[in-house]
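The values are calculated or read from the model by the stated rules, or taken from the named source; none is laboratory data. Every value quoted in this text rests on a predicted model; they were computed, and no experiment measured them. Because the Cβ atoms are built from the backbone with ideal geometry, glycine has one as well, and the counts that use them run over all protein chains shown.
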Amino acid sequence: MTRAPIVLTTGQELESREIGPITQTDIVRFAGAGGDFNPLHHDAGYARRAGLPDVIAMGQMQAGMLAAWVTDLVHVENLVTYSVRFASPLAIGDRLVLTGRVDDVDPTDHTAALTLEAKVDDRVVISGKARVRTASESAA
């Protein structure tokens with residue numbers, strides 16, 4: 001079943017979501033699901049020898065959290081494009097706050113451009129862009 005696009009307006013702030021605190025179990029479960037067994041993600045001694053204070057989550061974990069959040073809001077079948085930029089590591093104990101904004105709504109193709117961020121306090125962990133299908137206000 002395809003869900004209808006939602007109405008989005010230029011300048012609209014998306015409903016934020018908080019995730020965390022991130023646990024070692026979260027990281028290990030994601031490693032198992034994705035097959036990423038780099039020791040930076042599960043071996044504290046290895047991570048410290050590499051110059052990190054402790055293990056860090058894999059970037060794809062934050063990218064997946066950000067994608068899941070935005071598709072919960074707009075429905076996955078309305079996601080047209082999605083890209084991310086990794087900005088800083090996510091550590092055990094961190095709390096992510098996911099936010100987004102509608103930058104532009106194109107009435108000709110019924111899509112909206114979104115800017116997305118995942119932050120820990122004031123530090124950006126990952127930023128992203130998405131284009132999603134949107135309904136016109138007259139259809140709402």
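When the residues of segment 81-92 are filtered to those that are assigned to a strand (DSSP E or B) and surrounded by 14 or more Cβ atoms within 10 Å (Cβ to Cβ), which remaining residue is nearest to the chain's Cα centre (by Cα)? Please lay out each step first, then the result.
At the first step, the residues of segment 81-92 found to be assigned to a strand (DSSP E or B) are 81-86, 91.
Adding the requirement that they be surrounded by 14 or more Cβ atoms within 10 Å (Cβ to Cβ) leaves 82, 84, 86, 91.
Values: 82: 10, 84: 8, 86: 10, 91: 16 Å.
For segment 81-92, the residue satisfying everything is 84.
Among the residues of segment 63-74, are any part of a strand (DSSP E or B), at pLDDT 95 or above and among the polar types (S, T, N, Q)?
no
So, in segment 117-135, exactly how many residues are in a loop (DSSP other than H, G, I, E, B) and basic (Lys, Arg)?
Within segment 117-135, the subset in a loop (DSSP other than H, G, I, E, B) is 121-122, 134.
After this cut, where a residue has to be basic (Lys, Arg) as well, the list is none.
So the count comes out to 0.
Listed by first and then second residue, the pairs with beta-carbon distance under 6 Å, at least 6 apart or on different chains, first residue in segment 24-40 and touching a residue at least 40 places away in the same chain (Cβ under 8 Å), second of a type in the set (Gly, Ala, Ser), are 27/57.
Out of all the residues in segment 93-116, which are acidic (Asp, Glu) and part of a strand (DSSP E or B)? Don't jump to the end; show me each part of the working.
Filtering segment 93-116 for residues acidic (Asp, Glu) gives 94, 103-104, 106, 109.
Selection gives 103, 104, 106.
For the structure I just gave you, tell me whether residue 35 is within 22 Å of residue 131 (Cα to Cα) and out of contact with any Ser or Thr (no Cβ under 7 Å at 6 or more places or on another chain). Criteria not met by residue 35. Contact map, segment 75-99: residues that are at positive phi paired with residues that are assigned to a strand (DSSP E or B) and modelled with pLDDT of 95 or more, Cβ distance under 9 Å, separation 6+ or inter-chain. Pairs shown: 75/132; 75/133.
Out of 85, 123, 95, I need the residue that is closer than 25 Å to residue 26 by Cβ, of a type outside the set (A, V, I, L, M, F, W, C) and out of contact with any strand residue (DSSP E or B) (no Cβ under 9 Å at 6 or more places or on another chain). Which one? I'd like the intermediate steps shown before the answer.
Numbers: 85 fails: out of contact with any strand residue (DSSP E or B) (no Cβ under 9 Å at 6 or more places or on another chain); 95 fails: out of contact with any strand residue (DSSP E or B) (no Cβ under 9 Å at 6 or more places or on another chain).
None of the others qualify; the one that does is 123.
This table checks each residue for (1) under 16 Å from residue 15 (Cβ atoms); (2) in contact with a Phe, Trp or Tyr (Cβ under 8 Å, 6 or more places away or on another chain); (3) not β-branched (Val, Ile, Thr).
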| residue | (1), (2), (3) |
| --- | --- |
| 85 | no, no, yes |
| 88 | no, no, yes |
| 94 | no, no, yes |
| 97 | yes, no, no |
| 109 | no, no, yes |
| 117 | yes, no, yes |
| 123 | no, no, yes |
| 129 | no, yes, yes |
| 134 | yes, no, no |
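Annotation: of all residues in segment 123-140 being closer than 11 Å to residue 105 by Cα and at pLDDT 95 or above, the one that is surrounded by the most Cβ atoms within 10 Å (Cβ to Cβ) is 132.
Here 120, 84, 7 are screened, and the one residue that is closer than 16 Å to residue 135 by Cβ, at pLDDT 95 or above and among the β-branched types (Val, Ile, Thr) is 7.
Within segment 61-72, residues that are in contact (Cβ under 8 Å) with a residue 24 or more places away in the chain sit with their Cβ atoms under 6 Å from residues that are in a helix (DSSP H, G or I), at 6+ positions apart or across chains, in these pairs: 61/30.
Residues in segment 1-53 that are in contact with a strand residue (DSSP E or B) (Cβ under 9 Å, 6 or more places away or on another chain), surrounded by 14 or more Cβ atoms within 10 Å (Cβ to Cβ) and assigned to a loop (DSSP other than H, G, I, E, B): 5, 6, 8, 12, 14, 20, 22, 52.
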